[in-house]
1. Kindly evaluate B:G107 against the criterion of being crowded, with 18+ Cβ neighbours inside 10 Å, within 14 Å of chain A (Cβ to nearest Cβ) and of a type outside the set (V, I, T).
2. How many residues does the stretch B:204-222 contain that are surrounded by fewer than 18 Cβ atoms within 10 Å (Cβ to Cβ), at pLDDT 95 or above and under 17 Å from B:E173 (Cα atoms)?
3. What tally of residues in the stretch B:24-46 results from selecting those that are within 21 Å of B:T318 (Cβ to Cβ) and not acidic (D, E)?
4. Pick from A:H383, A:H331: which is assigned to a helix (DSSP H, G or I), under 25 Å from A:V207 (Cα atoms) and in contact (Cβ under 8 Å) with a residue 60 or more places away in the chain?
5. Go through (1) in a loop (DSSP other than H, G, I, E, B); (2) assigned by TED's automatic domain parsing to the domain that holds A:N93 for A:V207 and report which single condition fails.
6. Taking the stretch B:14-56 only, how many residues are on the phi < 0 side of the Ramachandran plot and in contact (Cβ under 8 Å) with a residue 60 or more places away in the chain?
7. Here are some conditions: (1) in a helix (DSSP H, G or I); (2) farther than 29 Å from A:K217 by Cβ. A:A174 meets all but one. Which one does it not meet?
8. Do we find that B:G4 is of a type outside the set (A, V, I, L, M, F, W, C), part of a loop (DSSP other than H, G, I, E, B) and within 19 Å of B:F299 (Cα to Cα) in this structure?
There are 2 protein chains.
Amino acid sequence: MSNGKPKIVIVGGGFGGIKLAKLFAKENVDITLVDRHNFHLFQPLLYQVSTAVLSEDEIAYPIRSFFRSNKNVNFFMAKAKGVDQARNVLLTNHGEISYDYLILAAGTTTNFFGMKEVEEHAFGMKSLQEALHIRNHVIHEFERADKPYRTPEDRKKRMTFVVVGGGPTGVEEAGALTELIEIQKKEFHHLDFNDVQVILIEATPRVLPMMPEDLQKETVRVLEKKGVRVMLETQVVGYDGDVLKLKSGVEIPTTTVIWAAGVRAVDLMKNCGGECARDGRIWIEENLMVRGAVNQNVFAIGDCAAFMHGDMKRPLPTVAPVATQQAKTAHKNIMKLIKGDTNLEKFVYKDLGAMATIGRGEAVVGSPKMKGFLAWCAWMLVHLIRLAGAHTNFTVAIKWTWNLISGVRLGRIIDNIKLDT
Amino acid sequence: MSNGKPKIVIVGGGFGGIKLAKLFAKENVDITLVDRHNFHLFQPLLYQVSTAVLSEDEIAYPIRSFFRSNKNVNFFMAKAKGVDQARNVLLTNHGEISYDYLILAAGTTTNFFGMKEVEEHAFGMKSLQEALHIRNHVIHEFERADKPYRTPEDRKKRMTFVVVGGGPTGVEEAGALTELIEIQKKEFHHLDFNDVQVILIEATPRVLPMMPEDLQKETVRVLEKKGVRVMLETQVVGYDGDVLKLKSGVEIPTTTVIWAAGVRAVDLMKNCGGECARDGRIWIEENLMVRGAVNQNVFAIGDCAAFMHGDMKRPLPTVAPVATQQAKTAHKNIMKLIKGDTNLEKFVYKDLGAMATIGRGEAVVGSPKMKGFLAWCAWMLVHLIRLAGAHTNFTVAIKWTWNLISGVRLGRIIDNIKLDT
């Protein structure tokens, strides 16, 4: 409060954090937005980077660019480590940041459910780096499989791509992989594509849990038509980088396991002075304040927060609309507190329904119920509108159209080859 | 020759190698194209990736995509290690490849002129990885400099960007850096931009040696107008990652030295059974055959080959037109040999002149002599036409126009943060 203005600190430049900073930017306050990355990541399209459809800079937008004209928004690139609520400071790997009001919007990370071996060898699907890593690896495996000295077993193992988790990420990733393979088929003149397979593994009896049952079935049908082997009620118990082990005892030789089976809150949440749910999300009150906040000035929103009140059976899902809607309420409530009004608003979630794409020209939308090409167009429009930056809206639209028509995939580049070997 | 067709092996997927494979693809031969990367790199625009103008997949094009419809072209991703001319085999890190005719088109790498310390701490500017590395580093240095705990000296050191080498790459890089800084200025609300400087260091008395003198002077004038400090007749003697040491004794504290001061042939050339020039390029005959080729079936073209005949004072320069023109002659001569005709054609270089851009809207063209916006348009057109892929031609054109008008730079993303720190 060096200049007398209330100091708002926001942790996380995801959908919730950016929205919040934009709302506060119009107020007479100083805002510091903290993120370990210098970009906002459009996570719903991460699978398109991992399958070489989009470039990284089409889904990653520099955080500072959102606030060019907002001189009261300061970006601070650092990894948040914890909160000292008694002293009103956020602890980071670049020092302490004091706050009058703190909002945690730090998001989630991959949940490997304690399976260390899987964590070590499978690919997560939450960060830009992970997506690029998957792209490099998958494209490289094709090159490796194409070498004449491979044994048939080795070749097949490298051409088996397993996605674990039947949520939107897993479904979209599996669908996109089959399309990537179709394009590779045109360019590997000697490789036997009968060896190539994509497997989607899901522990429960259904994919896309948030969808009505008929659309779940439709999704499986479309995936299978695209060549994905869908294994429902199948549990993974281990993966050593070579062989995926299922609870049934079945073993699947594969060099690629993409883990989209669950998320948990980032580790930071344990060190914020609140109580956390089993998946690490911090419990928040109906007014979005962290439960038991010492000075009544720490809030949490979005994926990192567990919101469950009234007759709800489980906390709100970890989806963007929860974060952006909560951002509005958190902004209102903090502005009330700044003005001395302690009569805070309760958050009420308005469910906008779910959508998922299964491949180019194929999607399912929960409400209003849609499937096929029409659903895909709706999915495309909704995602295009929300992408940051006018240039990107335009080029991504062109890329998708182009990809729909001719199946071009420009991003099939391996950029992590060690140059000295 | 398992199927009786002559086996052509090409090392390198640069301008020369791709051209050559395209020419041979129409003949009744089998072609194997070897490259350690799976993409063709459009090197003239590498500086635009390093300064966050273009995405990596706009200048890196999957090699296999060139040969979708050419079933007789096989891509083999491997690092070539040497040639056993007696046995007619190319040695690679993925085994041996036998050939009937071999063409070396392996290109060059950065020449640090034996200064190990500089090599360790400066950035090269020859590979896609190096360009991405520069981008990540430069953008990261801004974030680091912005931290409140920095001393003024530390901040200034991080905001000093030095480019060594006054050839096209150095000039273009220095110009593009000043424009990147202009955009950063809009988004770092607290950083003092008086600390920020770009320095271009050149050992000789002039930049762009291939240009007429008035355009050299014009280039320096434009660079200085853009804020580049141009230091001519200045020699670098050391760099430890912190302080750049000049022969004059002057020391420049800087965390960023981009080395564009020279190239040498890749190490492979030493192991091909020919004689090499001082810069490592293999000497070739007028018919492009490697001097002293044991079985009269090994050729070399482009940057990795030293061609000097008649009244030439130095070998042909390491530029794309030499490589593509030599590709045509090498193709003709090998087809002659296949048909039993040993009366090979002599290569004659047709110099098409040089061009270099100094920044958006500013370029110099040697022949016909042009400068300013008109030259920039010519530069833009020539480069656009040569970029691989219709989609890219289109999106790059849009990006450049957009960048010219509004200075947008989407690629300012740091994607190499270690996630566990």
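1. It is true that B:G107 is crowded, with 18+ Cβ neighbours inside 10 Å, within 14 Å of chain A (Cβ to nearest Cβ) and of a type outside the set (V, I, T).
2. 2
3. Of the residues in the stretch B:24-46, the ones within 21 Å of B:T318 (Cβ to Cβ) are B:33-37, B:39-46.
From what's left, not acidic (D, E): B:33-34, B:36-37, B:39-46.
Residues that pass the stated criteria total 12.
4. Details: A:H331 fails: under 25 Å from A:V207 (Cα atoms).
Selected residue: A:H383, the only one of A:H383, A:H331 that is assigned to a helix (DSSP H, G or I), under 25 Å from A:V207 (Cα atoms) and in contact (Cβ under 8 Å) with a residue 60 or more places away in the chain.
5. (2)
6. Looking only at that region, the number is 30.
7. Condition (2) is where A:A174 drops out.
8. no
The values are calculated or read from the model by the stated rules, or taken from the named source; none is laboratory data. Quantities reported herein were computed from a predicted structural model and do not represent experimental measurements. A quick note on method: Cβ atoms are made from the backbone with ideal geometry, for glycine too, and the neighbour counts reach across all protein chains shown.
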